[in-house]
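Structure record follows, encoded as structure tokens.
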Amino acid sequence: MTARRILLAAAAATLFATLSAVPALAAGDVGQLEKQPINLSAIGMFIAFVLMTLGITYWAASRTRSTSDFYTAGGGITGFQNGLAIAGDYMSAATLLGLSSLVFAKGYDGFVYTISFFVGWPIILFLLAERLRNLGHFTFADIASYRLDQGKIRTFAAIGSLTVVCFYLIVQMVGAGQLIKLLFGLDYNVAVIVVGVLMVVYVTFGGMIATTWVQIIKAVLLLGGGILLAFLALSRFGFSLEAIAKSAIAAHKDGVKIMGPGTLLADPVSAVSLSLGLLFGTAALPHIMMRFFTVPNAREARKSVFYASGFIGFFFLIVCVLGMAAITIVGTDPQFFEGGKVGGKLIGGGNMPVMHLAKALGGDLFLGFLSAVAFATILAVVSGLALAGASAIAHDLYARVIRKGEATEREEMRVSKIASLVLGVLAVVLGIAFEKQNVAFLVGLTFGVAASVNFPVLILSMYWKGLTTRGALAGGIAGLISAVTLVVLSNAVWVVVLNNPKPIFPYEQPALFSMTLAFLVTIIVSKLDSSASARAERDAFEDQFVRSQTGIGAAAAAKH
Amino acid sequence: MHSPANNPVYERVRRNPKFQELVRQRSRLALILSAIVLVGYYSFMMVVAFAPDLLHKPISDESSLSVGFPIGAGIIILSWLLTGVYSHFANGRFQDLTDEITRETLQ
């Protein structure tokens, strides 16, 4: 098979790129974060991970024949496996590094953040998972356009997905580049290119089967690494949380204040807007929604959310323990501070406490392991994103809108592969272009757009009979414009990027305002819509409702 | 191609009393569980915003840990257990009911 030969060649090329970069890069230091010395054990373990996942991709390639295999692994993933994969999608490098460093820096406030990240899960299961699974085939646009205008709503939903995918890809690419400079001692561009190439290889050849297994392996490694690190940390304190707390109070500059809420979330509007964005933004991330279509039936879909929330909750609690332990172990050790000044700037920046903790407790080998896992995490998340983007292009835009369902399976597969290749190139180019930018605003945008553009149409199409095409389009556009405008006027862009003295929009996350506006506009425009097509759309709700509740008709539809 | 308006199969399902029962009971469960999670979480956030001192209190007089930690961990663990409750009923009784409805409709 030529596909296999290309796959092997790509594998060889990637490994060669990684290896050949090692000696060449020992020399200079470029970019924002300073590059650390080359870490051979980390690179070694990462290469082991890559080889294993490429092996899986090779196996998956032989099983990826139809579009259903490509988009949803043919529905052949069990609930437990899918639970791990969802957890993997959710436990990104940002949660491991970001949440632990927040607890390290702010104590309890970091814990509150962690809780806010978590509570969306049960809500997704109670209100969405069932209906998503019963109505959708491959993409979120399948559901949004179920009884609405195929051309308009599908195009709009696909564009919404692609916007979210692109923003999030940039965040991940820039994160990968910075992290690799720090952890592996490799050049930024090398990291971005390696991530781009591997992502394209996984997705084009292995489709959803490979993407899922990469995510599962990574989730297991991350959970295992986290548990081991927590075990080592706890053993320092005689396995007593009380002792960790006591010593953290003594070591932290804020003393006993870290044991309760502080200033971070003191403003309730800010806290509510952030939690809405996280909660409903997560529910409407295209690469998370896709996961509900990879299991054979609704039963497995529910199980997978139960397992996923268990893994995520457990992992988040561990991350908090790690953050608290790091206050003492990392926060009082001069070797982790620039110039050896305890309480000064952490080597590698504010996101590094958990990495330093790994070094303090498990030496260079454990640091290498955790670094490799962090990189693998980014790789797994971008693969999921690329697959979601490719399906929006190939399934929604090409097969359904442009070819109006006349495309053959072969043609659709070809387009999806070209699409993932294009997304890979785009991700690399954007990743390099954004190297020097502060991309924090893109995280706000990703979740803001997902919560304000994708979520309202998704939930209303399933729950509200009155939704019409005009209403969905008007509301979606209102959500998109308001989310983007508010982020531009917020601190992350107005002050950090555009150098104005004060933000016009004082909050970090626009969801409270943009999502509310999107819902209002959608509902008002739908109510005012008295066209004949609107009437037909309302009438079609009853049948859609039966299917969303029972799944009758879903199995046949999944085949197309 | 989708949404065949008023498909006779779906019409038959709608008239099945078991379907009405399924929808009523499952929606009620989902709403109650969502309410527990959301009310619990947003009450917690209101305490964080308006009465943070309540969470600063130590667990006992000698303890360094504040009551905020077990409460926070409790929210995470309770939310997770509720997904278990939902899955238990949805995969048990409600799934059986769904299977019955499907069988009766498609025979």
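The values are calculated or read from the model by the stated rules, or taken from the named source; none is laboratory data. Note that the coordinates shown come from a computational prediction; the quantities given were computed from them, not determined experimentally. Here the Cβ is made from the backbone with ideal geometry for all residues, glycine too, and neighbour counts use every protein chain on show. For accessibility, only protein heavy atoms count, side chains too; no ligands or nucleic acids. Shrake-Rupley method; radii C 1.70, N 1.55, O 1.52, S 1.80 Å.
In the stretch A:130-184, the qualifying residues are those that are farther than 27 Å from residue A:349 by Cβ and aromatic (Phe, Trp, Tyr), and the one that is modelled with the highest pLDDT is A:156. Among the residues making up the stretch A:162-200, those that are in contact with a Phe, Trp or Tyr (Cβ under 6 Å, 6 or more places away or on another chain) and not charged (D, E, K, R) are A:170, A:174, A:177.
Does residue B:66 qualify as being at the interface with chain A (Cβ under 7 Å from one of its Cβ atoms) and touching a strand residue (DSSP E or B) at 6+ places or on another chain (Cβ under 7 Å)? Yes, satisfied.
Please find, among A:256, A:194, A:220, A:272, the residue that is within 30 Å of residue A:422 (Cβ to Cβ) and out of contact with any Pro (no Cβ under 7 Å at 6 or more places or on another chain). Please lay out each step first, then the result.
Working: A:256 fails: within 30 Å of residue A:422 (Cβ to Cβ); A:220 fails: within 30 Å of residue A:422 (Cβ to Cβ); A:272 fails: within 30 Å of residue A:422 (Cβ to Cβ).
Step by step, each of A:256, A:194, A:220, A:272 is checked, and only A:194 is within 30 Å of residue A:422 (Cβ to Cβ) and out of contact with any Pro (no Cβ under 7 Å at 6 or more places or on another chain).
With respect to the conditions (1) surrounded by fewer than 22 Cβ atoms within 10 Å (Cβ to Cβ); (2) touching a Ser or Thr at 6+ places or on another chain (Cβ under 7 Å); (3) closer than 21 Å to residue A:227 by Cα, residue A:245 lacks only one, and its number is (1). With the structure loaded, tell me whether residue A:407 is without any contact (Cβ under 8 Å) to a residue 12 or more places away in the chain and of a type in the set (Gly, Ala, Ser) or whether it fails that test. For residue A:407, the condition - without any contact (Cβ under 8 Å) to a residue 12 or more places away in the chain and of a type in the set (Gly, Ala, Ser) - is met. The set of residues in the stretch A:228-257 being in a loop (DSSP other than H, G, I, E, B) and either on the phi > 0 side of the Ramachandran plot or among the aromatic types (Phe, Trp, Tyr) (or both) consists of A:237, A:238, A:239. Among residues of the stretch A:483-501 that are part of a loop (DSSP other than H, G, I, E, B), those with a Cβ under 7 angstrom from a residue that is surrounded by fewer than 22 Cβ atoms within 10 Å (Cβ to Cβ), sequence gap 6+ or separate chain, pair up as A:496/A:438; A:497/A:438; A:500/A:494. Can you confirm whether residue A:486 is over 14 Å from residue A:274 (Cα atoms), modelled with pLDDT of 90 or more and not basic (Lys, Arg)? Answer is no for this residue. Every condition in (1) modelled with pLDDT of 90 or more; (2) open to solvent by 50 Å² or more (accessible area, probe 1.4 Å) holds for residue B:73 except the one numbered (2). Go through (1) among the hydrophobic types (A, V, I, L, M, F, W, C); (2) farther than 30 Å from residue A:317 by Cβ; (3) more than 7 Å from chain A (Cβ to nearest Cβ); (4) surrounded by 13 or more Cβ atoms within 10 Å (Cβ to Cβ) and name the single condition residue B:106 misses. Just one mismatch for residue B:106, condition (4). Within the stretch B:23-48, being open to solvent by less than 20 Å² (accessible area, probe 1.4 Å) and either facing chain A (nearest Cβ under 7 Å) or part of a loop (DSSP other than H, G, I, E, B) (or both) holds for B:30, B:33, B:34, B:37, B:41, B:45, B:48. Within the stretch A:257-274, the set of residues being at the interface with chain B (Cβ under 8 Å from one of its Cβ atoms) and farther than 16 Å from residue A:110 by Cβ comprises A:267, A:268, A:272.
Each row is one residue, and each column tells you yes or no for (1) touching a Pro at 6+ places or on another chain (Cβ under 8 Å); (2) under 21 Å from residue A:539 (Cβ atoms); (3) surrounded by fewer than 22 Cβ atoms within 10 Å (Cβ to Cβ).
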| residue | (1), (2), (3) |
| --- | --- |
| A:431 | no, no, no |
| A:435 | no, no, yes |
| A:440 | no, no, yes |
| A:457 | no, yes, no |
| A:464 | no, yes, yes |
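For the stretch A:220-227, the criterion of being within 14 Å of chain B (Cβ to nearest Cβ), open to solvent by less than 20 Å² (accessible area, probe 1.4 Å) and in contact (Cβ under 8 Å) with a residue 60 or more places away in the chain is met by none of the residues.
Restricting to the stretch A:345-398, name every residue that is closer than 15 Å to residue A:159 by Cα and open to solvent by less than 10 Å² (accessible area, probe 1.4 Å).
A:385, A:386, A:387, A:388, A:389, A:390, A:391, A:392, A:394, A:395, A:396
Checking each residue in the stretch A:74-116 for being of a type in the set (S, T, N, Q) and more than 26 Å from residue A:178 (Cα to Cα) picks out A:78, A:81, A:82, A:116. Of everything listed in (1) assigned to a helix (DSSP H, G or I); (2) surrounded by fewer than 22 Cβ atoms within 10 Å (Cβ to Cβ); (3) at pLDDT below 90, the single unmet condition for residue A:65 is (1). Selection of the stretch A:248-270 for residues being open to solvent by less than 30 Å² (accessible area, probe 1.4 Å) and without any contact (Cβ under 8 Å) to a residue 60 or more places away in the chain yields only A:255. Considering only residues that are more than 8 Å from chain A (Cβ to nearest Cβ) and small (Gly, Ala, Ser), which ones fall in the stretch B:49-63? If the condition is that a residue be more than 8 Å from chain A (Cβ to nearest Cβ) and small (Gly, Ala, Ser), then B:51, B:60 are the ones that fit.
Looking across A:56, A:43, A:47, A:86, one residue alone is in contact with a Lys or Arg (Cβ under 9 Å, 6 or more places away or on another chain) and in a helix (DSSP H, G or I). It is A:86. Residue-level check: of (1) modelled with pLDDT under 95; (2) within 13 Å of chain B (Cβ to nearest Cβ), residue A:508 misses just (2). Among the residues of the stretch B:9-22, the ones that are open to solvent by less than 10 Å² (accessible area, probe 1.4 Å) and aliphatic (A, V, I, L, M) come to 2 in all.
Take the conditions at the interface with another protein chain (Cβ under 7 Å from one of its Cβ atoms), closer than 14 Å to residue A:115 by Cα and of a type in the set (Gly, Ala, Ser) and apply them to residue B:73. Does it pass? Considered against the rule, which asks whether it is at the interface with another protein chain (Cβ under 7 Å from one of its Cβ atoms), closer than 14 Å to residue A:115 by Cα and of a type in the set (Gly, Ala, Ser), residue B:73 comes out as yes. Each residue in the stretch A:275-309 was checked for being more than 15 Å from residue A:134 (Cβ to Cβ), open to solvent by 20 Å² or more (accessible area, probe 1.4 Å) and either over 16 Å from the mean Cα position of the chain (by Cα) or at the interface with another protein chain (Cβ under 9 Å from one of its Cβ atoms) (or both), and 4 of them qualify.
For every residue, the table says whether it meets (1) in contact with a Ser or Thr (Cβ under 7 Å, 6 or more places away or on another chain); (2) more than 14 Å from residue A:56 (Cβ to Cβ); (3) open to solvent by 10 Å² or more (accessible area, probe 1.4 Å); (4) free of Cβ contacts under 8 Å to residues at least 60 places away in the same chain.
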{"position": "A:158", "(1), (2), (3), (4)": "no, yes, no, no"}
{"position": "A:167", "(1), (2), (3), (4)": "yes, yes, yes, no"}
{"position": "A:173", "(1), (2), (3), (4)": "no, yes, no, no"}
{"position": "A:176", "(1), (2), (3), (4)": "no, yes, no, no"}
{"position": "A:184", "(1), (2), (3), (4)": "yes, yes, no, no"}
{"position": "A:188", "(1), (2), (3), (4)": "no, yes, no, no"}
{"position": "A:192", "(1), (2), (3), (4)": "no, yes, no, no"}
{"position": "A:199", "(1), (2), (3), (4)": "yes, yes, no, no"}
{"position": "A:212", "(1), (2), (3), (4)": "yes, no, no, no"}
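Close contacts from the stretch A:95-109, counting a first residue that is on the phi > 0 side of the Ramachandran plot and a second that is part of a helix (DSSP H, G or I) and surrounded by fewer than 22 Cβ atoms within 10 Å (Cβ to Cβ), with Cβ to Cβ under 8 Å and a gap of 6+ residues or different chains, come to A:107/A:257.
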